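Student: Dumping the structure here so I can ask a few things about it.
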Amino acid sequence: MTITITAFERSPDGGKGLSRDMRVRWALEEVGQPYEVRPVSFRAMKEPAHLALHPFGQIPTYEDGDLALFETGAIVFHIAERYAGLLPDDPKARARAITWMFAALNTVEPTILELVTAKLLEGDKSWKRERLPLVEARIRTRLQQLSDRLGSADWLDGAFSAGDLMMVSVLLRLKPSGIVDEYPNLAAYVARAEARPAYQRAFAAQLALNTGKPSTG
Ligand SMILES: N[C@@H](CCC(=O)N[C@@H](CS)C(=O)NCC(=O)O)C(=O)O
């Protein structure tokens, strides 16, 4: 049974890696599992057929036989549990890698999403000028803490894991702001992850869907 995921028919960023199907594509590429993509329009996302898969009317979703999942954290965790390559075998190292997945989604991503909201959804509000510096300060607090912990290591805890995949996916959303570049070890961490062949293949496939040009990756 082929794994099928959903993705934006037309991604707001033109398919440059920011839509969250990227995390799932990347995970599947890391573990060497083929997959198909079903593009969905913004309208179709809110219709009953898609809502049956995703109660919040979003992408991505994941289907494998009679299993249907939503939420990238759950999907990437499922992939990492099911196929080798994204979680260490040692139980304690595995638990720590899973901890980093949660840290990415629960502790780092919310601050970054605040910035996206402040800039894109509330860009015309009167409070924007006062709010933005506060939001950026909260992001810098988290990035400094993450930078201190990463130090000079390549990855957050030993070998590359689903924890790194999720953390880098979250940090990439900050790319347009340039804030990650203020922390050279984090910028190098993100670049190291982006250089992984699995990331490159996932990125090329997402871009190809949006540009209509076949992926060469
Ligand atoms: N927490 C969810 C967030 C999913 C999400 O926000 N998806 C975005 C695309 S990256 C979406 O579908 N946005 C359209 C909408 O919410 O209407 C996850 O990690 O899967």
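Conditions tested, residue by residue: (1) within 18 Å of M22 (Cα to Cα); (2) of a type in the set (S, T, N, Q); (3) not in a loop (DSSP other than H, G, I, E, B).
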| residue | (1), (2), (3) |
| --- | --- |
| M101 | yes, no, yes |
| L113 | yes, no, yes |
| R140 | no, no, yes |
| A153 | no, no, no |
| P176 | yes, no, yes |
| L186 | no, no, yes |
| L207 | yes, no, yes |
| N210 | yes, yes, yes |
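Student: Name every residue in region 63-81 that is outside any loop (DSSP other than H, G, I, E, B) and farther than 17 Å from F102 by Cα, in order of residue number.
Tutor: Step one: list which residues in region 63-81 are outside any loop (DSSP other than H, G, I, E, B), which gives 63-64, 67-70, 72-81.
Listed by number, the residues that qualify are E63, D64, L67, A68, L69.
Student: Among all residue pairs at least 6 apart or on different chains, which show Cβ distances below 6 Å where the first residue, located in region 41-57, is closer than 17 Å to L69 by Cα and the second is more than 10 Å from the ligand (Cβ to nearest atom)?
Tutor: H50/A44; L53/A68; G57/L51
Student: While we're looking at this one, here's another question. For region 33-53, name all the residues that are surrounded by 12 or more Cβ atoms within 10 Å (Cβ to Cβ) and more than 8 Å from the ligand (Cβ to nearest atom). Walk me through how you get there before you give the answer.
Tutor: The first filter runs over region 33-53 and keeps only residues surrounded by 12 or more Cβ atoms within 10 Å (Cβ to Cβ), leaving 33, 35, 37-42, 44-47, 50-51, 53.
Within region 33-53, Q33, Y35, V37, R38, P39, V40, S41, A44, E47, H50, L51, L53 meet the criteria.
Student: Let me ask something additional. Look at R140 and say whether it is open to solvent by 30 Å² or more (accessible area, probe 1.4 Å) and at pLDDT below 95. Please lay out each step first, then the result.
Tutor: Working: open to solvent by 30 Å² or more (accessible area, probe 1.4 Å): yes; at pLDDT below 95: no.
So R140 does not fit the description; no.
Student: Taking the options V37, V31, V24, name whichever one is more than 30 Å from T141 (Cβ to Cβ) and in contact with a strand residue (DSSP E or B) (Cβ under 8 Å, 6 or more places away or on another chain).
Tutor: Values: V31 fails: in contact with a strand residue (DSSP E or B) (Cβ under 8 Å, 6 or more places away or on another chain); V24 fails: more than 30 Å from T141 (Cβ to Cβ).
Only one candidate passes the filter, namely V37.
Student: If you take the residues in region 60-70 that are acidic (D, E) and crowded, with 17+ Cβ neighbours inside 10 Å, which one is nearest to A49 (Cα to Cα)? Before you say what the answer is, go through the steps one by one.
Tutor: Of the residues in region 60-70, the ones acidic (D, E) are 63-64, 66.
Add one more test, that the residue is crowded, with 17+ Cβ neighbours inside 10 Å, and what stays is 63-64.
Values: E63: 13, D64: 17 Å.
Ranking the candidates gives E63 first.
Student: Ok, one more. Just need a number here: residues in region 68-97 that are within 16 Å of the ligand (Cβ to nearest atom) and out of contact with any helix residue (DSSP H, G or I) (no Cβ under 7 Å at 6 or more places or on another chain).
Tutor: Here the count works out to 5.
Student: If you don't mind, another one. Looking at V116 and the list (1) open to solvent by less than 50 Å² (accessible area, probe 1.4 Å); (2) touching a helix residue (DSSP H, G or I) at 6+ places or on another chain (Cβ under 9 Å), which single condition is not satisfied?
Tutor: Only one criterion in (1) open to solvent by less than 50 Å² (accessible area, probe 1.4 Å); (2) touching a helix residue (DSSP H, G or I) at 6+ places or on another chain (Cβ under 9 Å) is unmet by V116, namely (2).
Student: I've got another one for you. Can you confirm whether E30 is part of a helix (DSSP H, G or I), open to solvent by 70 Å² or more (accessible area, probe 1.4 Å) and more than 9 Å from the ligand (Cβ to nearest atom)?
Tutor: Details: part of a helix (DSSP H, G or I): yes; open to solvent by 70 Å² or more (accessible area, probe 1.4 Å): no; more than 9 Å from the ligand (Cβ to nearest atom): yes.
Against the criterion (part of a helix (DSSP H, G or I), open to solvent by 70 Å² or more (accessible area, probe 1.4 Å) and more than 9 Å from the ligand (Cβ to nearest atom)), E30 does not qualify.
The values are calculated or read from the model by the stated rules, or taken from the named source; none is laboratory data. Computed from a prediction, not measured in an experiment: that's the story for all the values here. As a convention, Cβ positions derive from the backbone with ideal geometry for all residues, glycine included, and neighbour counts pool all protein chains shown. Accessible surface is based on the protein model in full, side chains and every heavy atom, while ligands, DNA and RNA are left aside. Shrake-Rupley method; radii C 1.70, N 1.55, O 1.52, S 1.80 Å.
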